[in-house]
Amino acid sequence: MNDPRSAVEPAAAVTVPEAVTALDGAPETVTGPHGSGRPAGRGAALVPVALVIGGVVSVQFGAAVAALLMPRAGAFGVVTLRLLVAAVVLLAVCRPTLRGHSRADWGTVLAFGVTMGAMNNLFYQALDRIPLGIAVTLEVLGPLALSVIASRRLVNLLWAGLALVGVALLGGAGGFGRLDLLGAGLAVAAGAMWALYIVFSARTGRRFPKADGLALAMAVAALLSLPLGIAESGAKLVVPSTVLLGAAVALLSSVLPYTLELMALRRLPASTFAVMMSLEPAIAALAGFLILDQALSTTDALAIALVIGASVGAVRGQVGGDRKERKKRREA
């Protein structure tokens, strides 16, 4: 697929969201009213930045609302409600065609859906056990590792080391025993699924037009999560107040950020987008503090800052390396 984001895909993968699969490109400039392709003015340039920040805030505050809903519906139940509502909305909006796709296309979207379902279920199980900010920080390690591996640049080993220092600080003087070990492990596993999600997201985006692949994969994830939600929560899933809160989680964590990021990436370079998305752990910590009363220690805050710094460094380093490679190919 002729996609300018493909050159920075490993870098953007550090924090790439669902929206990326739906795009055909992320232009570096905003086309003027006469098709001039001139860079946007300062005011216009701030619009996509505000959209990205709005998407990040929506995702993390949606996760905080999900944590509040877990005592009612359980972690599996919350994931089921979120994925079902998101799938219904995306299918209604995208109306993906079911004909004309090969067996390989369906295999790709199935793998994407399975990975999406596993990522969400693992993360929400972690969120049920450890603070939101720490859960997101540990989850980010998966995409960060993918970015480091894909880059094959020695400098990114420095960023990996910086992230490991941050993880060590999260353990603190008392070690990870102060955290729920199962919760921490689930967050790391969710990060591994996030890395796979990125891979299958890119493949699905190449095989399906617009957001069709995402809508179909979301439906697969919802169907796979449904038995888990029913087994854990049963009739609680159809309580009107629970359904309403579940719909709010779906809108905040999937539909709204997807829409905002889709709009932003049409006018924002994918590299800039990825750097901004690296702020997710900090926004998650803020959401946990404001909604869930999850205060972080100074050491935890420093650890999160180190992981954010590692993500930003990996993204910028990968983008710089890709630009040099493209320049060498043009000169050759």
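How would you classify the stretch 185-225 from its alpha-carbon gyration tensor, with a ≥ b ≥ c the square roots of the eigenvalues: rounded for a/c under 1.5, else prolate if a/b is greater than b/c, otherwise oblate? Kindly include the intermediate steps, with their values, before the conclusion.
Numbers: a/c = 4.05, a/b = 1.54, b/c = 2.63.
Oblate.
Output the peptides 91-104, 238-251, 185-198 sorted from most to least packed, where packing is the average of other Cβ atoms within 10 Å over each peptide's residues.
Values: 91-104: 11.2, 238-251: 16.9, 185-198: 23.0.
With the highest mean Cβ count within 10 Å placed first, the list reads 185-198, 238-251, 91-104.
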Over the stretch 172-264, with the other protein chains present, what is the accessible area per residue in square angstrom, probe 1.4 angstrom?
44 Å²
Ordering of 53-63, 128-138 by burial proxy (mean other Cβ atoms within 10 Å per residue, highest first):
128-138, 53-63
Ordering 301-314, 211-224 by per-residue average of other C-beta atoms within 10 angstrom, highest first, gives 211-224, 301-314
For the Val165, Arg72 Cβ pair and Förster radius 41 Å, calculated FRET efficiency rounded to 0.05 is 0.60
Residue-ordered couplings for the stretch 94-110, obtained by feeding phi - 60° into the Karplus form 6.51 cos²θ - 1.76 cosθ + 1.60 and rounding to whole Hz (Gly and Pro as x), are 7, 6, x, 7, 9, 9, x, 10, 7, 4, 5, 4, 5, x, 5, 5, 5
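As an exercise, use a Förster radius of 35 Å and the Cβ-Cβ distance of Val239 and Leu290 to find the FRET efficiency, rounded to the nearest 0.05. Mind showing how you got there, number by number?
Working: r = 26 Å, r/R0 = 0.75.
Once rounded, the FRET efficiency stands at 0.85.
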Over the stretch 111-268, with every protein chain in place, what whole percent of the accessible area is carbon and sulfur at 1.4 Å, could you tell me?
73 percent
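The values are calculated or read from the model by the stated rules, or taken from the named source; none is laboratory data. Quantities reported herein were computed from a predicted structural model and do not represent experimental measurements. Glycine gets a Cβ as well: all are built from the backbone with ideal geometry, and neighbour counts include every protein chain shown. In case anyone asks, the SASA skips ligands and DNA or RNA and just uses the protein heavy atoms, side chains included. Shrake-Rupley method; radii C 1.70, N 1.55, O 1.52, S 1.80 Å.
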